[in-house]
1. Between LYS442 and SER264, 0.36 nm times their residue separation minus their Cα-Cα distance comes to what?
2. Quick check: with the 1.4 Å probe, what order do GLU219, GLU179 take by accessible area, largest first?
3. Describe numerically, in nm with one decimal, the distance between label points set 7 Å from Cα along Cα→Cβ at ARG148 and at GLU219.
4. Please give the contour-minus-distance gain from LEU37 to GLU243: 0.36 nm per residue of separation, less the Cα-Cα distance, rounded to one decimal in nm.
5. Strictly over 26 Å apart at the Cα level, which of LYS66/LYS98; LYS242/LYS316; LYS228/LYS435 would you flag in this model?
6. Calculate, in nm to one decimal, what PHE102 and ASN450 gain on full extension: separation in residues at 0.36 nm each, minus their alpha carbon distance.
7. If the reach is capped at under 12 angstrom between alpha carbons, list the aspartates and glutamates near LYS311, excluding any in the same chain fewer than eight residues apart.
8. Ignoring ligands and nucleic acids, what accessible area does ARG363 show with a 1.4 Å probe (Å², nearest 10)?
Amino acid sequence: MNFAEQIRDFTSQQASKMIVELLERITDKRLVQLTYLGEKLTGDEEVLGAIRSVRNMLESPTHSTKELFYKVLNHVPKKNRVKIFHTLFNNAWFKGGKIRDFYEQNYGFRPPFIMILSPTWRCNLRCTGCYTLGQQRHPGLEYDLVKRILREAQELGIYFITILGGEPFMYPHLFQMFEEHPGIFFQVYTNGTLMDREKADRIAELGNAAVVVSCEGYEEETDRWRGKGVYRKIMDAMDYVKEARIILGSSATVTRYNVETVASDEFIDTLVDKGVAAQMYFLYLPVNGEGDINLMVTPEQRDFLRRQVIKFRREKPLFVLDFWNDGPHVEGCIAGGRRYFHINANGDVEPCVYTHIAEHNIRDVSLGEALDGKLFRCIRNKVPHNSNHLRPCMIIDNPHVYRKVIEESGAYFTHPGAEEVVTDMAKEMDDYAEKFGVLADKVWQEEYLNQTQ
């Protein structure tokens, strides 16, 4: 960073500090007014859409968004509120948005808002259905390569980085990554078993990371999926993170055997009591080379999850994401660099964490070249994969599209067995897509199209 850039960054941080001080004295009315100010600071359609969604929730007399906002504001220490606003809002939304505008106008593609990075596949657990099953001994990404990736990400306007694994806390340079990249906001997904007070305090000291702990339900469901005794360690991990006053999230792999639990009011209330501010739902997908389609949620269960998420957003003081049922909010699939993409621990640049194909390895090309490559363009050109946005995914909702993308792009599979979902399991995936489609089309017509006509 040169001197001029240092001055601009200092000025931006001072502005962030002033805004955070303003937020400490803000009223509900002023909070809504700030969203209009935010709109004037960006032309980024992604950011504008997010701001308007937040405003709609804030203006609703029954929505719990205001409660969540004040909950987070009061929980996080002031110095970290400044860091979070500076990285997540100023850099990722406004500064990053202008850079992404530039690339779209001058290079014909728009860099995404989020990058998912798996620096290691090493893990201390062997969870059922894990999409990295069998790859845990891989050495992972050398730190010099990680630094290059993060530098290029910022040059493309990407300041929001999600860290996956394996288990991120087994990557030896994790804290070094946070410390040496203070302008980036990191979101770390962990199984929680390696979390302790010392690590939590270190994250709180750095201030530019949130922690998301995986939890598949209560003790019975979680230990069945992750191993005996894991649930208790997860509960301890959540306590350490909460006590350190870090933003805490939770994620659940949803199967037909735990969906009623993880999508229940009681379970969400338990998470809220533990200090969770965000809950993420990920459907189990049979993509690890040892896939079991019988673990996938049924069409009826998937719709149950959708309805519960709508209810939680209205009634519960936490942010909820359901990456498949949220298709209507983003007009289909967000993979392939449209909103996000994944770099795995081998360096393969994948469309998403479940789409185990690639055209490039990041060791051989720049990040910009990978994002603008044939594979990612092919995917983006086909979005939405279905006119029914409740059927967004090209793996489980439109498997014929997935096979077509592989054929047209010439993509390679990124690990042995990744081809199974389009070879041995092709008929099963087609059957699943057809069965879900019958229900989804009915819901789409009755609950979405009819509301806009």
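The values are calculated or read from the model by the stated rules, or taken from the named source; none is laboratory data. Everything numeric here is computed off the predicted structure, so don't read it as measured data. All Cβ positions, even for glycine, are placed from backbone atoms using ideal geometry, and neighbour counts span all protein chains on display. Just the protein is used for accessible areas: all its heavy atoms, side chains included, with ligands, DNA and RNA removed. Shrake-Rupley method; radii C 1.70, N 1.55, O 1.52, S 1.80 Å.
1. 61.7 nm
2. Sorted by accessible area, descending: GLU179, GLU219.
3. Taking the two extended label points, one gets 4.9 nm.
4. Computed gain between LEU37 and GLU243 is 70.8 nm.
5. Too far apart for the 26 Å limit: LYS66/LYS98; LYS228/LYS435.
6. Answer, rounded to one decimal: 121.5 nm.
7. Candidates past the 8-residue exclusion: ASP265.
8. For ARG363, the solvent-accessible surface is approximately 100 Å².
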